[in-house]
Amino acid sequence: MSMKKNQFCGRTRREMLWELGSGFGSVALAGMLGNDFFSGQAIHAEGGKKLLNPLAPKAPHFAPKAKSVIFLFMYGGPSHVDTFDYKPKLYPLDEKTIQIKTFGRGGKKNEGRVIGPKWKFKQYGKCGKYVSDLFPNVGECVDDIAFIHSMYADSPIHGSAMLMMNSGRILSGHPCLGSWATYGLGSENQNLPGFVVMLDPKGGPISGAKNWSSGYMPATYQGVQLRASGAPILNLAPPEGMSDATQRKILESLNDYNLEHAASRISNSNLTARISSFEMAYNMQKHAPEVVDISKEDEKTKSLYGIDQDKTKDFGTKCLLARRMVESGVRFIQLYSGGGHNDENWDAHSDVVFNHTLHAGNTDKPIAGLLKDLKQRGLLDSTLVVWGGEFGRQPTAEYAKGTGRDHNAYGFTMWMAGGGIKGGTSVGATDELGAAAVENRFHVKNLHATILTQLGLDPNNLSFFFSGLNQKLVGVEGADPIRQII
Amino acid sequence: MNLKTLIPLVCILALIGIAARAGEVAPTAEQIAFFEKDALPLLKSACFKCHGAEAKVKAGLYLTSRAGMLKGGQGGPSIDEKALGKSLFLDMLTYRDEEHSMPPDGKLKPEQLAILTKWINEGALWKPGTEAVLPESAIVKKEPEQKVKTAEDWWAYKALKRPAVPDVKNKAWAANPIDSFILAGLEKEDLNPVAPASKGALIRRAYYDLTGLPPTPAEVEAFIANTAPDAYEKLIDSLLASPHYGEKWGRHWLDLVRFAETNGYERDGAKPFAWRYRDYVIRAFNDDKPYDRFIKEQIAGDELTDATPDSKIATGFYRLNIWDDEPADRKLAKFDVLDGILATTCQSMLGMSMNCARCHNHKKDPILAKDYYSMLAFIHDVSDMQSTDITVDINSPEQLADYEKRLHEKSAREDDLMKKIAAIEAETRGAKPKENSAAPAAKDPPKEAAVDPLPDARHGPQKWQYTLMRPNNDEWTWQNYNTESWKEAPSGFGSKGTPGAVIGTVWHTDNIWLRKLITLKSVPQNLKLSLHHDEDCEIYFNGKLAAQFHGHVSKYEVHPLSPDALKLLKVGENQIAVHCLQTTGGQFIDMGLVVNAAVDADTSDDIVLAKNGKLLPKEKLAEYNALKKQLAESRKAKVEAGGMRVMAVFERGRNATKILMRGNPNLEGDDVAPNFPAILGFPAPVIPKEAPGAKTSGKRTVLANWLASKDNQLTARAIANRLWQFHFGRGLCRTPNDFGQLGELPTHPELLDWLATEFTSRDWKMKSMHKLIMMSSAYRMASSDEPKALAKDPNNNLFWRFDMRRMSAEEVRDSVLAVNGTLNPKMFGPSIYTEVPKEVLQSSSQPKNVWGVSPPEERTRRSVYVLVKRSLNEPILNTFDQADTDSSCPVRFTTTVPTQTLTSLNSKFFNDQAALFAERLVKEAGANVDAQVKLGLRLTMCREPSAKEIEHGVKLIKRFTNEDNLSDGKALANFCLMALNLNEFMYLD
């Protein structure tokens, strides 16, 4: 590769790369991860196939119902008996102390002071689903929603429960749901990350980045934080004062040096992959801000998401961005409602009225807006929306006074919509006070299995070889999807 | 559940017996009808899916026949024929706890339960002839055929023998036996090694390999100019002597032991003094500590007969794990921690994935669950992180003696002062001074006035919650703190013989934490503390510090509460919390909250000071005040041990180890004794009898000696493979943590064995092995292409060339700092904080507290000193694929993704460093742009750039100034940013 005058600047990078013996696209895909160890892993994990670009789109195990997932994570644990799990018998017991088995932050207890549900429920939709007054807007969408009232999890403590909901294990170090999805399917849009996380302005959840970590998989599959304001992705914008023209010059020059360097090392595809990654980064720099630029959305749409109101502006904007990312082919999007600690999220230990009024108030309209907008654009069929927290809350109070509820992993509600989910259905039940799942109980693993299944992945066959085992999201014993709702 | 009754795998003969007996029971027609109409449909819908009808049978339990129920699964037989009502089958349906919750999707309805209960109570009778035939695999549990039956059947388990060095044709190339092994492989395939690397490439390779840093241009120049035959050898010697060697190679070890300085989970609490372990590892490499000793110190450095402070620090190895301080299931959590330690030990030191056998026998390798628990038995007594303070003071005996002497002096001085003060107080009252320690204060209670909200122990013991284990954080003072692990006991707390103490509960350790919830009907403004403390104590009301006292007293004293402290109290429930620390002598703590009680005239100084000292002559008052001041000062002054606090291993109790079915601590199976994996063919170890009063069981020493033995075929192979891996980029076996059948076969098994035996014969010394490897022709090959070899062996399995590699995360960051001249080479000590963007901090649940700030000069230290925090990854290191810290990391990934490129192009770190790089170029190369570019490229490429390359850089800078109107400085900084992004900078030949 020569660097004759005039020639370098006259050529496009594309031409240069063609001269190196391969087209830009294929170079980009080849050897993005030319690590022998990982190739070895891939052989195990992929049944003989070598994995080239770890994020290139891959064929699913079977025809998928959903292309993308939007996981609305209500961090802190929303109370099911105050939202979607109607318990008429709980109201008259308000303030009475009863025998009841609970396990929360305050340990295991055999009795407790009942806090009656603090909101009225009414029926919505053709299916007549009872929804509390906390979610009047989501209530309008119940015919598209399948409620799972009988969820249970292994831990009622935030740290481990968050890991369980995100990675299927209470032990830290395992890849998250979004990592598995992008590992299994790759990403449709190389200009955007395949797995995106949007956090609450108050901060991240407990354990921070562990909640979107790729664990023992390469960092390629970890979630990338995207922000609604400022540079949407860390380091996406060139430093202040650097013009596009200047940056192009840097990239062109860099390319020239790098091609010269690669010319005598032609068999090392890692070098060409890194050369291509500058082009991809440049494209991402250009296109990612377009995704977060909602200035061209009409007012009606913005209002649908509640962006025109203070309390719903933040989460509404995130929901709208989620839709825009789905349109751009992002595989897995996780939105956090709530961050930090205590009442900064759904963790209503002292006053459930104050806490849930705040957080449901911030999210009801945006979530309903998202569902309605996805539907009217024909995207809901191929987008799986998941709502829920790491656990629910107890029917009884945690403290001697006040209306706070402790954590409850024995029984809680999550819901799903779109992506091949049967709308207007409810499955499973907690006991009549909402203390524990008793009918058609579903473990978090079943929820994960359902999500993977809708994406066209067999949860019991999607594996990654690590630490002497074919590791799976749903564990060695495997788990079935929730067939009643798909 | 007692699984001692668990029937071991039932043999065919026994089953025939059961079948015959089952046949004898003749159900009535009514029973058959009941079975068919009521019981069977229920069994079908609730049980069969997981227990017999489908290919995958859970817990080995078949419920599709009576024989299957009698045989049972991992939990034991489903039916107890002697007590049908107590059958496990029925117990499992009760949902009485998580372990007894079947079917998993929900408890059966009462009427359904009634049917099955009736059916079991009547003998669980099936309609004859309708029982599903029990598959043969259920009768004799069939393990998949194990190909590896003895150690001789698998390469990694074979006894280590020194292979003969093969004969080769190209003798000139074979600089040492390593080359003969490599060359023999190449010659067999009719391939030739490529030409040697250029001297420039070689010095750069050697520098990064041994120190993780680039050579300076002067060093490159000198090496190239040095034509002496031993120039290269001298270079290696000097690099091995560099203190940076330990920083590079120590980091490899830190990857393997999943080094991190926090616990993970909600609080992600700090591991105290974890950095001392990191420093220990760096020192061990720099000192060329023999590897067998290095292992022994980490496994049993506290027990060794020649234990040293260093060997105790090494046992911090046991504390590096992730740890949930608030687990949902404490029993399971304890085994999770032990599993983490065992998995890491076996993977890092043996190359064995022992952890796979935690729940069942290894699927592929001849490692049984029994082997797993036998190995676990060696470390079973290791205390968990909660049960004790995990740090210890390390002192020399002289230091300890001196410390005790100073403590004693302090105590005596304070006693003397108190006596003098008491004498003056007594004199003021006109009474004779009482002996401080004479009469127990219990016989002399202060006068009762109104009802005290919280009487002290002299008025009868009060129930307090207490713990002797340091709470993980400050929340223990809060009302809703989880006190599951705390105990409740009567006050006061202390050791007998402490003056003035009223002992309700004996406490004789260093620290105690106490909690009590009291209810106040009102908050009296005359509320006072009645307190006896030996020594320092802090008192909290509702989570806030209310009062604090230093030193010790010898009787109860009444102290008024400050107005601020009173404000912390409220009508209703109030959480009182007390911490007391004692360093020497007796200890005692008790407190009450009293009203109306006159400020204790008997003991307080109030009487002296109340009337502005009018009761005393002026000189006496001055003396009194001086004494009080001396006492206060003495109490405040801490006596420092003068030693070093380190994180270390402790043992607690002597635990009998049992096999846990499916890894479930509630399903205990047979007892096991400490033992090594059977397949390796070692005799069972003899655990020496414990010396009376021994702190630890000595089992870990036995494990350590075995791990570090020359006879252990895995240890030497594992480390020899890693030595090769870290020099050549991949191990001779590509799965260095897993030498089992699921791993990869070694490409050069003979070479691996030769290296392993060579290593042990060189007394496990690493540095001489580095030199041996680096002096080989194989190591000195170029990384260039060769068409024939590339076609035949594209993966370079045979090592016909040296593989290029990208710098590791640490090398990237350190190199950027090295080339711009700002790298601070300071070694050791507490970890540092780099500058982390706000956006990254914002991802934490505590954005303001998650990360700290180090002074600018500290921020530029080497990456091995950056704090490793589990819930927050340092963004630059994370982007370039640093090791995951939750499990042992055998091989770093090398990813190339656009977000990584965005980091090296746009991040504040890279741009700031590029600007500093530009400043260095101006300073050292002057104003001449050609010279600036030349130096910039020399520094990043570690070679002389060509005229064309210089010209290209100069042209770039001119375009910045001419076309983009950038200042000279800015233009040069942009060139520097470009240079830091060069593939030639990031990759090594």
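Over all distinct alpha-carbon pairs, what is the Kirkwood Rh of chain A in angstrom?
On the way: mean 1/r = 0.0422 Å⁻¹.
For chain A, inverting the mean 1/r across all distinct Cα pairs yields 23.7 Å.
Please compute the contact order of chain B in relative form: average sequence separation of alpha-carbon pairs under 8 Å and at least six residues apart, divided by the residue count, as a percent. Kindly include the intermediate steps, with their values, before the conclusion.
Details: 1635 pairs, mean separation 155.6, N = 989.
Relative contact order here is 16 percent.
Nearest 10 degrees is fine. How inclined is helix A:310-327 to the longest principal axis of chain A, computing both from alpha carbons?
Roughly 50 degrees, rounded to the nearest 10.
At a temperature of 10 °C and a viscosity of 1.306 mPa s, determine how fast the range A:121-225 diffuses translationally according to Stokes-Einstein, using the Kirkwood radius over alpha-carbon pairs as Rh; express D in µm²/s, rounded to the nearest whole number.
Numbers: Rh = 16.1 Å.
Result for D is 99 µm²/s.
Looking at the calculated P(r) for the range A:83-155, what percent of the C-alpha pair distances fall above 15 Å? Kindly include the intermediate steps, with their values, before the conclusion.
Working: 1693 of 2628 pairs.
Roughly 64 percent, once rounded to a whole number.
Kirkwood-based Rg over Rh for the range A:353-414 (C-alpha set), two decimals? Write out the running numbers ahead of the final one.
On the way: Rg = 15.6 Å, Rh = 14.0 Å.
We get a ratio of 1.12 for the range A:353-414.
If I stretch the segment between B:ILE518 and B:LYS149 completely, what's the gain in nm (0.36 nm per residue apart, minus their alpha carbon distance), one decimal?
Values: separation 369, 0.36 × 369 = 132.84 nm, distance 6.66 nm.
Extra length from B:ILE518 to B:LYS149 when fully extended: 126.2 nm.
Using the structure shown, list the pairs from A:LYS202/A:LYS311; B:LYS71/B:LYS370; B:LYS544/B:LYS567; A:LYS302/A:LYS375; B:LYS555/B:LYS638 with a Cα-Cα distance above 18 Å, or answer none.
B:LYS71/B:LYS370; B:LYS555/B:LYS638
Can you give me the orientation-averaged projected area of the convex hull built on the Cα atoms of the range A:292-362, in nm²?
Details: hull surface 21.9 nm².
That works out to 5.5 nm².
With a Förster radius of 45 Å, plug the Cβ-Cβ distance of B:ASN395 and A:ILE98 into 1/(1 + (r/R0)^6) and report the FRET value to the nearest 0.05. Present the calculation step by step, with values, prior to reporting the outcome.
Numbers: r = 57 Å, r/R0 = 1.26.
My answer for the efficiency is 0.20.
When you have a sec, figure out the Kirkwood radius of the range B:644-751 from all distinct Cα pair distances and drop it here in Å to one decimal? Walk me through the numbers on the way to the answer.
Working: mean 1/r = 0.0576 Å⁻¹.
It works out to 17.4 Å.
If you average the C-alpha positions of the range B:500-547 and of the range B:820-896 separately, how far apart do those two centres end up, in angstrom?
Between the Cα centres of the range B:500-547 and the range B:820-896 lies a distance of 42 Å.
Kindly point out which whole DSSP H helices in chain B project their C-alpha atoms 24 angstrom or further along the helix axis while averaging a Kyte-Doolittle hydropathy of -0.5 or above. It would help to have the intermediate numbers written out before the result.
Working: long enough: B:397-429 (48 Å, -1.22); B:618-636 (27 Å, -1.41); B:908-925 (25 Å, -0.13).
Qualifying helices: B:908-925.
So what are the radius of gyration and Dmax for the Cα set of the range B:908-988, in Å?
11.6, 35
Three principal axis extents, largest first, for the C-alpha atoms of the range B:835-980, in Å?
Principal-axis extents of the range B:835-980 (Cα, largest first): 49, 34, 28 Å.
How much space per residue, in cubic angstrom, does the convex hull of the C-alpha atoms of the range B:235-309 take up? All intermediate terms of the calculation are to be shown ahead of the outcome.
Details: hull volume 8.2 nm³, N = 75.
Normalising the Cα hull of the range B:235-309 by residue number yields 109 Å³.
When you have a sec, figure out the Kirkwood radius of the protein assembly as shown from all distinct Cα pair distances and drop it here in Å to one decimal? Intermediate results must be reported in sequence, preceding the final value.
Details: mean 1/r = 0.0279 Å⁻¹.
In the protein assembly as shown this quantity evaluates to 35.9 Å.
Considering all alpha-carbon pairs of the range A:59-110, what whole percent are spaced by more than 17 angstrom? Before the final figure, lay out each step's value.
Numbers: 872 of 1326 pairs.
Here the long-distance tail beyond 17 Å is 66 percent of all Cα pairs in the range A:59-110.
Can you give me the convex hull volume of the Cα atoms of the range B:765-806, divided per residue and expressed in Å³?
Numbers: hull volume 3.7 nm³, N = 42.
Convex hull of Cα atoms, per residue: 87 Å³.
Take the alpha-carbon centre of the range A:173-191, take the same for the range A:223-300, and report the distance between them in whole Å.
Result: 21 Å between the Cα centres.
Antiparallel versus total DSSP beta bridges in the protein assembly as shown: what percent is that, nearest 5? Let's see the in-between values first.
Values: 85 of 112 bridges.
Taking every DSSP beta bridge within the protein assembly as shown, about 75 percent pair in antiparallel fashion.
Tell me, what is the FRET efficiency for B:VAL506 and B:LYS82 to the nearest 0.05, using R0 = 45 angstrom and their Cβ-Cβ distance as r?
0.45
How big is the range B:26-72 along each principal axis, measuring the range of its Cα positions in Å and listing the largest first?
Rounded to whole Å, the extents work out to 34, 21, 11 Å.
Could I get the Rg over Rh figure for the range B:184-259? Both from C-alpha atoms, Rh via Kirkwood, rounded to two places. Write out the running numbers ahead of the final one.
Working: Rg = 15.8 Å, Rh = 14.4 Å.
A ratio of 1.10.
Please give the length that would be gained between B:ALA947 and B:VAL853 if that part of the chain were fully extended, namely 0.36 nm times their separation in residues minus their C-alpha to C-alpha distance (nm, one decimal).
That works out to 29.5 nm of additional length.
Just rank A:ILE100, A:ILE307, A:ILE115, B:ILE224, fewest to most, by other beta-carbon atoms within 10 angstrom. Could you put the intermediate results ahead of the total?
Working: A:ILE100 19, A:ILE307 23, A:ILE115 26, B:ILE224 16.
Lowest to highest Cβ neighbour count: B:ILE224, A:ILE100, A:ILE307, A:ILE115.
Please report the base-10 log of the normalised intensity I(q)/I(0) for the range B:24-138, using a Debye sum with one equal scatterer per alpha carbon and no solvent, at each q in 0.13, 0.22 (1/Å).
-0.45, -1.45
What relative contact order, as a whole-number percentage, does chain A give when Cα pairs under 8 Å and 6 or more residues apart are counted? Intermediate values should be presented prior to the final figure.
On the way: 1061 pairs, mean separation 134.2, N = 486.
Relative contact order here is 28 percent.
If each Cα of chain B is one equal point scatterer, what is log10 of I(q)/I(0) from the Debye formula at q = 0.06, 0.07, 0.09, 0.10 Å⁻¹?
-0.65, -0.84, -1.13, -1.22
For the pair B:SER967 and B:LYS620, how long in nm is the line joining their label points, each one 7 Å along Cα→Cβ?
Computed distance between label sites B:SER967 and B:LYS620 equals 7.8 nm.
Which distance in Å, rounded to a whole number, links the C-alpha centroids of the range B:217-255 and the range A:406-451?
61 Å
For the range B:281-367, treating each Cα as an identical point scatterer without solvent, what Debye log10 I(q)/I(0) comes out at q = 0.11, 0.16, 0.18, 0.26 1/Å?
-0.41, -0.77, -0.90, -1.22
Enter the angle in degrees (range 0 to 90, nearest 10) between the Cα long axis of helix A:36-46 and the first principal axis of the Cα atoms of chain A, meaning the one along which they spread out most.
50 degrees
Could you check the spin-label model distance between B:GLU488 and A:LYS296? Points 7 Å from the Cα along Cα→Cβ, value in nm.
Here the modelled spin labels are 6.7 nm apart.
With Rg and the Kirkwood Rh both taken from Cα atoms, where does Rg over Rh land for the range B:737-804?
Working: Rg = 14.5 Å, Rh = 14.1 Å.
Reported Rg/Rh (Cα atoms, Kirkwood Rh): 1.03.
May I ask for the longest run of chain A untouched by GluC sites (Glu not before Pro) that are loop-located per DSSP and have at most 13 neighbouring C-beta atoms (other than their own) within 10 Å?
Numbers: sites that count: A:GLU95, A:GLU240, A:GLU432.
Free of exposed loop sites, the longest segment is A:241-431.
Looking at chain A, what % of its DSSP beta bridges pair antiparallel, to the nearest 5? Don't skip to the end; give the middle numbers.
On the way: 29 of 52 bridges.
Looking only at bridges with both residues in chain A, the antiparallel portion is about 55 percent.
Find the Cα radius of gyration of the range B:485-559, compare it with 2.2 N^0.38 Å by division, and give the number to two decimals. Show your work: numbers first, answer last.
Numbers: Rg = 13.3 Å, N = 75, 2.2 N^0.38 = 11.3 Å.
That works out to 1.18 for the range B:485-559.
Any read-out appearing in this document is the output of simple, stated calculations on the displayed coordinates, not a laboratory observation. Everything numeric in this text was worked out from a predicted model, so none of it was measured. Using ideal geometry, Cβ is built from the backbone for each residue, glycine included, and neighbour counts are taken over all protein chains shown.
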